[in-house]
Amino acid sequence: MASVTLSAVSKIYHGGVEAVRGVSFEVPDGSFCVLVGPSGCGKSTLLRMIAGLETITGGTVRIGERVVNDIEPADRDIAMVFQNYALYPHMSVYDNMAYGLRNRGTPKAEIEARVAEAARILAIEPFLDRRPRQLSGGQRQRVAMGRAIVRKPQVFLFDEPLSNLDAKLRVQMRVEIKRLQRSLGVTSVYVTHDQVEAMTLSDVLVVMNAGQVEQIGRPIDLYRKPATRFVAGFLGSPAMNFLPGTVVDARTVSIGGGTLRVAPGTGTAGPGTTVEVGIRPEDLRIAAPGEGLRVAVEFIEELGATQLVHGRLGDAPLTIQVATGEAPSGDAFEIAASPEALHLFDPATTARL
Amino acid sequence: MEKRATFSNRYLPYALLAPQILVTLIFFYWPAAQAIRQSFMLEDAFGLSSDFVWFENYVALFKDPSYYQTLWTTFVFSGSVAFLSLSVALLLAVMADAEIRGATAYRTFLIWPYAVAPAVAGVLWIFMLDPSLGMVARGLKSLGLDWNPRLNGTHALTQVVLASAWKQISYNFLFFLAGLQAIPRSVIEAAAIDGARAWRRFWTITLPLLSPTTFFLLVVNIVYAFFDTFGTIDTMTQGGPAKATETLVYKVYSDGRLGGDLGGSAAQSVILMIIVIGLTAVQFRFVERRVTY
Ligand SMILES: Nc1ncnc2c1ncn2[C@@H]1O[C@H](COP(=O)(O)OP(=O)(O)OP(=O)(O)O)[C@@H](O)[C@H]1O
Ligand SMILES: [Mg+2]
């Protein structure tokens, strides 16, 4: 096993696209790191640089103690699971898994033992003689995983491995990947644009935007204390509400005619400063008339266990998540939030105050 | 899935097919039938009368050692042309694929030789390889090799192989390039991560995945070398020296047209027809069985 360390890594493609700009972070040995961000933010590019499939324009990538910038993918001792699985179409499932071991001159008996072991773990024993085209998407996914684990590499790399599966299978495979990574203890870097996958899988979560890192940390810390407006809006579903507000004093902001209390210790600004106030839909509650901020109801979405009430506070759109049956019946109601639930952001820099 | 078109008038489909069927009948079936009929006939020396002689023409053919000589020449010729044009085309396609995934200007450039008529290709190569005029010939001579395709049969065969293979390279190149570009990049990348270097990747991934293309091209190239190289041979060597470059097709021409042996020549044509039908059948069977993975 080994850690993965990136120092000021950047990538400029032919034609001048700056896909990654000065990214630095460390994935500790044995931990699960998820790179998440919107489409085109450079996640795959970063992963492919770790794999050795893209040249590194600037900075260094280390696997363990070794700088791997100029080392071929074959010699980096990594395994990768691709979005389209990239199985070898002309080989049986067995040969797909054995290929990497044969390339490294592993003895035949050991290849058989390792492939059998991986097939058992992933429950693909019945398919070992089949070609990839004779498998379902979920089975192919397992073979791709099998091909990665038989090698016992230093690092696993995943590029959106679940995005071609249906919703149910995706949840199931997500749990399996987590379990597998825990039991094998292999350092992993996983790319996704699905924030649920990101939150659930990661020990270390890296949120990227436009080629740069927005925030790194434990997923729950990012969720509780997002460092930028971008991170705040990206993590959490339904997404955080953002309301224009004005600082009244160190403990109070005014929003759309009413006021909300801010917890002590929340960063704030001088009185009269405009700020953006972020509140998650699940942190809002319905207040008694005359006690909160007035919201006009637009429509209600039923999610089963909960309901999403979509409305407007002044001009700003707003979503509130309540337990089923608690949604207000009229076309307007009032809301309140506990002081701890408020996140204040500087509208100019988008940084947390 | 079966697609069926429906016509309101039931004679319309026949009317639409008629011209094509007519052309096939007049220009293929009729001459073919003529050839088969002719192959059972023996003409007298003046071409005034002919007798039905059953399989005598075929028997004579298979007793003639020069026919086996030609058969052998044809195999050597076709094998060399197919091997040379396939391997050079594959090499070029791999290099092009690595450099430019999807650029078309380069492809257009490489297709040019294919548009050159066989006779022109022959002349072009004559200019390069002619013992007194050609620059390649002079180069070879300065290296101490007495290059003389007019007298040396091996040299002559080499010459027609080069010219014929050269003409086919661009065609093969296009198919190989298309085949290479159809291989998902991630499959090659997965192999690289799996510890395979470039050379090993080529042998264990690229080449097997190209095998449907390669097989298709192999048959096409053999058919080409058998039947489409007449013009090239005729301009360069006329089958000589001493029949060293005489292929089956050229022999049909030289025996029938120049030698006046119409029956024997027709019998040879019929054998060629059977070969072409055989190759096509192999091709179809294979294509139906597995083209895609
Ligand atoms: N081979 C390439 N040549 C030029 N530009 C590229 C190349 N590959 C990616 N890019 C550009 O680099 C940027 C980052 O691409 P990348 O594939 O890393 O995004 P991503 O975060 O993985 O997105 P997605 O979630 O859609 O997969 C994009 O603007 C993309 O257009
Ligand atoms: Mg991507």
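What the table shows:
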{"quantity": "Qualifying position, being within 11 Å of chain B (Cβ to nearest Cβ) and either within 17 Å of A:F156 (Cα to Cα) or at pLDDT 90 or above (or both), among A:L128, A:L101", "calculated": "A:L101"}
{"quantity": "Residue match in the stretch A:105-128 (condition: within 16 Å of ligand 1 (Cβ to nearest atom) and assigned by TED's automatic domain parsing to the domain that holds A:M208)", "calculated": "no"}
{"quantity": "Complete set of residues in the stretch A:161-175 that are part of a helix (DSSP H, G or I) and crowded, with 17+ Cβ neighbours inside 10 Å", "calculated": "A:R170, A:M173, A:R174"}
{"quantity": "B:R200 under 30 Å from A:M80 (Cα atoms) and free of Cβ contacts under 8 Å to residues at least 60 places away in the same chain", "calculated": "yes"}
{"quantity": "Per-region count, the stretch B:176-204, residues surrounded by fewer than 20 Cβ atoms within 10 Å (Cβ to Cβ) and away from every other protein chain (no Cβ under 14 Å)", "calculated": "2"}
{"quantity": "Matching option when the condition is of a type outside the set (D, E, K, R), more than 20 Å from A:D75 (Cβ to Cβ), away from chain B (no Cβ under 14 Å) and surrounded by 18 or more Cβ atoms within 10 Å (Cβ to Cβ), among A:A123, A:A109, A:A113, A:A119", "calculated": "A:A119"}
{"quantity": "Total residues in the stretch B:205-248, condition within 14 Å of chain A (Cβ to nearest Cβ), surrounded by fewer than 23 Cβ atoms within 10 Å (Cβ to Cβ) and among the β-branched types (V, I, T)", "calculated": "3"}
{"quantity": "Residue list for the stretch A:12-32, filter: within 7 Å of ligand 1 (Cβ to nearest atom), of a type in the set (V, I, T) and either touching a helix residue (DSSP H, G or I) at 6+ places or on another chain (Cβ under 7 Å) or not assigned by TED's automatic domain parsing to the domain that holds A:V207 (or both)", "calculated": "none"}
{"quantity": "Filtered residues of the stretch A:177-206 (kept if away from ligand 2 (no atom under 15 Å from the Cβ) and either without any contact (Cβ under 8 Å) to a residue 24 or more places away in the chain or of a type in the set (A, V, I, L, M) (or both))", "calculated": "A:I177, A:R179, A:L180, A:R182, A:S183, A:L184, A:V186, A:V196, A:M199, A:L201, A:V204, A:L205"}
{"quantity": "Subset of the stretch A:307-325 [modelled with pLDDT of 90 or more and of a type in the set (D, E, K, R)]", "calculated": "A:R312"}
{"quantity": "Meets criteria (without any contact (Cβ under 8 Å) to a residue 40 or more places away in the chain, within 13 Å of chain B (Cβ to nearest Cβ), crowded, with 17+ Cβ neighbours inside 10 Å and over 25 Å from the mean Cα position of the chain (by Cα)) for A:N96", "calculated": "no"}
{"quantity": "Scan of the stretch A:33-76 for residues that are within 13 Å of ligand 1 (Cβ to nearest atom), within 14 Å of chain B (Cβ to nearest Cβ) and of a type in the set (K, R), ordered by number", "calculated": "A:R48"}
{"quantity": "Test: A:E54 is farther than 23 Å from A:P219 by Cβ, modelled with pLDDT of 90 or more, surrounded by fewer than 21 Cβ atoms within 10 Å (Cβ to Cβ) and assigned by TED's automatic domain parsing to the domain that holds A:Q181", "calculated": "yes"}
{"quantity": "Filter pass, B:R150 being modelled with pLDDT of 85 or more, surrounded by fewer than 16 Cβ atoms within 10 Å (Cβ to Cβ) and more than 16 Å from the chain's Cα centre (by Cα)", "calculated": "no"}
{"quantity": "Condition met for A:G100 (in contact with a Gly (Cβ under 9 Å, 6 or more places away or on another chain) and within 16 Å of ligand 1 (Cβ to nearest atom))", "calculated": "no"}
{"quantity": "Evaluation of A:L169 against (1) away from chain B (no Cβ under 14 Å); (2) out of contact with any Gly (no Cβ under 6 Å at 6 or more places or on another chain); (3) free of Cβ contacts under 8 Å to residues at least 40 places away in the same chain (one fails), failing number", "calculated": "(2)"}
{"quantity": "Selected residue [closer than 25 Å to A:R352 by Cβ and either out of contact with any helix residue (DSSP H, G or I) (no Cβ under 6 Å at 6 or more places or on another chain) or in contact (Cβ under 8 Å) with a residue 40 or more places away in the chain (or both)] from A:I300, A:I279, A:I286", "calculated": "A:I279"}
{"quantity": "Meets criteria (within 14 Å of chain A (Cβ to nearest Cβ) and in a helix (DSSP H, G or I)) for B:T158", "calculated": "no"}
{"quantity": "Residues (within 13 Å of ligand 1 (Cβ to nearest atom) and more than 12 Å from every other protein chain (Cβ to nearest Cβ)) located in the stretch A:150-159", "calculated": "A:F158"}
{"quantity": "The stretch A:161-176, subset within 16 Å of ligand 2 (Cβ to nearest atom) and under 16 Å from the mean Cα position of the chain (by Cα), residue modelled with the lowest pLDDT", "calculated": "A:S163"}
{"quantity": "Residue count for the stretch B:201-235, restricted to those that are over 30 Å from A:R104 (Cβ atoms) and in contact with a Pro (Cβ under 8 Å, 6 or more places away or on another chain)", "calculated": "6"}
{"quantity": "Condition check for B:I169: touching a helix residue (DSSP H, G or I) at 6+ places or on another chain (Cβ under 7 Å), surrounded by 21 or more Cβ atoms within 10 Å (Cβ to Cβ) and within 11 Å of another protein chain (Cβ to nearest Cβ)", "calculated": "no"}
{"quantity": "Hey, A:R312 part of a strand (DSSP E or B) and without any contact (Cβ under 8 Å) to a residue 24 or more places away in the chain or not", "calculated": "yes"}
{"quantity": "Residue pairs meeting the criteria (Cβ under 6 Å; at least 6 apart or on separate chains; first under 10 Å from A:R280 (Cβ atoms) and more than 14 Å from chain B (Cβ to nearest Cβ), in the stretch A:211-238; second within 16 Å of ligand 2 (Cβ to nearest atom) and not acidic (D, E))", "calculated": "A:L235/A:Q195"}
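The values are calculated or read from the model by the stated rules, or taken from the named source; none is laboratory data. None of these values were measured; they are calculated from a predicted model. Note that we place each Cβ from the backbone using ideal geometry, even for glycine, and neighbour counts take in every protein chain shown.
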